[in-house]
1. Residues that are closer than 23 Å to M219 by Cα and surrounded by 15 or more Cβ atoms within 10 Å (Cβ to Cβ): does the range 108-126 have at least one?
2. If you scan the range 111-161, which residues turn out to be over 23 Å from K194 (Cβ atoms), among the hydrophobic types (A, V, I, L, M, F, W, C) and touching a residue at least 24 places away in the same chain (Cβ under 8 Å)?
3. State whether the residues of the range 56-73 include one that is closer than 29 Å to K205 by Cα and surrounded by fewer than 16 Cβ atoms within 10 Å (Cβ to Cβ).
4. Does the range 159-200 hold any residues that are closer than 23 Å to E97 by Cα and either small (G, A, S) or at pLDDT below 95 (or both), and which are they?
5. Looking at the structure I just gave you, is L185 touching a strand residue (DSSP E or B) at 6+ places or on another chain (Cβ under 9 Å), touching a residue at least 12 places away in the same chain (Cβ under 8 Å) and over 26 Å from R131 (Cα atoms)?
Amino acid sequence: MSRVGGLCGNTTFRKTIVSSSAVADKAQAFVESVLRLEPRFAAFDCDGTLWSGDAGESFFSWEMEEKLVPEEVASAMRKRYADYKAGKVPEDVMCGEMVTMHKGMIESDVQRAATRFFDLHFAEKIFPEMRTLVRQLQEQGCDVWAVSSTNEWVIRAAMRHFGIPRDHVLAAAVKISKMRITDRLIRIPSGDGKPKAIRKAVKKKLDAAFGNSRWDADMLAIARHPFAVNPNPDLEAIARERNWTVYFPEDPSP
């Protein structure tokens, strides 16, 4: 998940007027530069890195607007989010509560809602070259994982567009009991939680990592080849200082 100035990351959008052929050439050059490294294990942040915008934060607002959660829960979460925006709630705590707010709901119902939401509102925002890169890395034999502090229902829905299986998703998650969502957190992959989740799930060296915000910096730092994709100013400054590759895809939004 990604928020401007904080929420589980940060997205930045830069639009320049260039020819379509120049955009395509730049995108192809980026994809080829990664493929030439022949990584065997790669991890991708999601919001702001694989697509434009913040699907996690948007889903949070959308499901309350659609009245998919009880009104008392929605009211409490709106107040909680206001406190978060005011700096009174830590980043990882807010990310966790945006998952545990579904306590008692049937998981399959939430998954269906998340899939409908992503396909309606975010599928068109996917960066084409990032989808191409993921697919071609997989074809090259790379073990590709998605690592995100957005809830795993949204990320699972999104990964259908990238061919990344559910067992290769490390997103904000809770225990499920008798098909219902509980408030017992399993993980919140944000900040140093990202490398922790990776090390726990995958017992090998991270070859390539891709992220867009300062909440991805810890993950990028453990990779042999770190890529700051669509970085916000904080991450771009870190990337420039550490000589990480910086790449700005063209915003696919209409």
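1. Within the range 108-126, the subset closer than 23 Å to M219 by Cα is 126.
Narrowing the set further to residues that are surrounded by 15 or more Cβ atoms within 10 Å (Cβ to Cβ) leaves 126.
Yes, the range 108-126 contains a residue that is closer than 23 Å to M219 by Cα and surrounded by 15 or more Cβ atoms within 10 Å (Cβ to Cβ).
2. A113, F117, A123
3. no
4. A171, A172, A173, S177, S190, G191, G193, A197
5. Details: touching a strand residue (DSSP E or B) at 6+ places or on another chain (Cβ under 9 Å): yes; touching a residue at least 12 places away in the same chain (Cβ under 8 Å): yes; over 26 Å from R131 (Cα atoms): yes.
So L185 fits the description; yes.
Residues are listed down the side, and each one gets a yes or a no for (1) more than 20 Å from S58 (Cα to Cα); (2) of a type in the set (D, E); (3) part of a strand (DSSP E or B):
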site	(1), (2), (3)
D119	no, yes, no
L133	yes, no, no
Q138	yes, no, no
G141	yes, no, no
V144	yes, no, yes
V147	no, no, yes
T182	yes, no, yes
G191	yes, no, no
P195	yes, no, no
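The values are calculated or read from the model by the stated rules, or taken from the named source; none is laboratory data. From a predicted model like this one, the values you see are computed outputs, not experimental measurements. So basically every Cβ, Gly included, is an ideal-geometry build from the backbone, and we count neighbours across all protein chains shown.
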